Amino acid sequence: MIDIKFNELLDNYAVLGNPIKHSKSPEIHSLFAKQTTINIYYQSLEVPLTSFNDYVYAFLEKKGKGLNVTVPFKEQAFKICTHHTKRAISAGSVNTLWFGTGATIYGDTTDGKGFINDLIYNHKVEIKNKSVLILGAGGSVRAIIEPLLKQAPKEICIVNRTLTKAKEIAQMFTGEIHVTYCSYEQLNNQSFDIVINGTSLSLQAKLPPLPKTLLNKNACCYDLMYSYNQTVFMQWAKSNGASLILDGLGMLVEQAAESFNIWHKVKPNTKEVIRHLRKNQK
Ligand code: NDP
């Protein structure tokens with residue numbers, strides 16, 4: 001039996017992950033709750049790798065209201081849901097759960113919307129007719145492609161260590177805009193306007209093999225990872241001529257705001273929270 005501490009007086013929410021102790025979600029949701037004067041209890045729970053489903057069912061049983069899900073459970077979360085949004089189906093993963101009657105579990109992914117909101121509203125990056133390169137072909141990359149395509153880029157290319165995964169994602173999108181894929185070796189004669197790092201290599205302070213000629217003039221580089229110090233990808237971008245270099249803190253807050261909106265039907269002010277987190281980062 002899973003023993004989750006509940007606050008009996010408030011609506012209960014949690015983020016499930018492993019590891020979880022560095023998660024900013026409890027802080028972000030508490031700031032949103034304060035800002036919108038909605039009282040909630042939001043905790044982070046470190047879930048043993050084999051116990052994800054048990055935690056979700058225990059939370060449901062105790063009448064918890066909603067869950068966020070982070071690494072490494074997003075695909076597992078997709079499987080446990082009885083109902084999925086269209087964008088969750090396209091991404092094959094979910095980061096936001098909420099419950100209906102009986103054992104109904106709804107799942108959505110807000111990562112893609114969070115990313116695009118940060119890029120186009122917070123940083124005013126123009127994507128239309130731009131060439132976009134995405135490094136990596138994991139869960140977060142699957143979530144960002146559809147919202148990127150809606151901004152009408154000239155092309156999107158996915159480069160990944162395991163080529164079959166890049167190919168599988170590229171082939172899911174057969175619309176007017178070309179989604180192509182290649183290996184890191186094949187990047188040598190190519191250059192792009194926007195380069196997005198969706199690999200998990202920044203977590204290990206490493207960089208995939210990138211040619212020095214990869215960036216077009218005025219290029220924008222975005223690392224999905226957030227870090228108090230510049231990630232190695234951000235350092236690479238700086239020394240190879242990028243004009244705009246961004247990390248994933250804005251995406252983190254924006255995806256949390258989308259989850260908050262799903263649960264509470266209120267869109268919080270994200271700029272205020274991003275400013276607060278940047279100011280208090282240590
Ligand atoms: P996944 O584990 O699903 O994917 C990881 C990707 O990194 C894969 O494409 C993998 O390639 C690649 N990779 C790992 N190691 C290497 C290596 N040694 N060389 C080359 N490529 C490598 O991770 P996610 O998609 O969930 O997360 C990716 C990043 O995005 C993380 O840094 C995460 O923190 C960040 N993120 C940020 C969010 C935010 O709100 N800011 C939200 C979600 C994610 P291969 O397929 O070959 O294994």
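The values are calculated or read from the model by the stated rules, or taken from the named source; none is laboratory data. Every value quoted in this text rests on a predicted model; they were computed, and no experiment measured them. Neighbour counts are summed over all protein chains in view; Cβ atoms, including those assigned to glycine, are modelled from backbone coordinates with ideal geometry. To get the accessible areas, we keep the full protein, side chains included, count just its heavy atoms, and leave off ligands, DNA and RNA. Shrake-Rupley method; radii C 1.70, N 1.55, O 1.52, S 1.80 Å.
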Report task. Find the residue count for segment 207-265, including only residues that are at pLDDT below 95 and open to solvent by 50 Å² or more (accessible area, probe 1.4 Å). Result -> 4
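Let me confirm something: among Ser202, Ser227, Ser183, which residue is over 19 Å from Gly139 (Cα atoms), in contact with a helix residue (DSSP H, G or I) (Cβ under 9 Å, 6 or more places away or on another chain) and without any contact (Cβ under 8 Å) to a residue 60 or more places away in the chain?
Ser227
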Query raised in the report: Which of the residues belonging to segment 109-127 are in contact with a strand residue (DSSP E or B) (Cβ under 9 Å, 6 or more places away or on another chain) and of a type in the set (A, V, I, L, M, F, W, C)?
Result: Phe115, Leu119, Val125, Ile127
**Report entry** Failed condition for Asn129, given (1) away from the ligand (no atom under 13 Å from the Cβ); (2) touching a residue at least 24 places away in the same chain (Cβ under 8 Å); (3) open to solvent by 40 Å² or more (accessible area, probe 1.4 Å); (4) out of contact with any Lys or Arg (no Cβ under 6 Å at 6 or more places or on another chain)
**Finding:** (4)
Query raised in the report: Taking segment 52-70 only, how many residues are in contact (Cβ under 8 Å) with a residue 40 or more places away in the chain and surrounded by 16 or more Cβ atoms within 10 Å (Cβ to Cβ)?
Result: 12
Query raised in the report: Of (1) touching a helix residue (DSSP H, G or I) at 6+ places or on another chain (Cβ under 6 Å); (2) of a type in the set (A, V, I, L, M, F, W, C); (3) within 9 Å of the ligand (Cβ to nearest atom), Leu163 satisfies all except one. Which?
Result: (1)
Query raised in the report: If you check Phe99, Phe192, Phe115, which single one turns out to be open to solvent by less than 70 Å² (accessible area, probe 1.4 Å), free of Cβ contacts under 8 Å to residues at least 40 places away in the same chain and among the aromatic types (Phe, Trp, Tyr)?
Result: Phe99
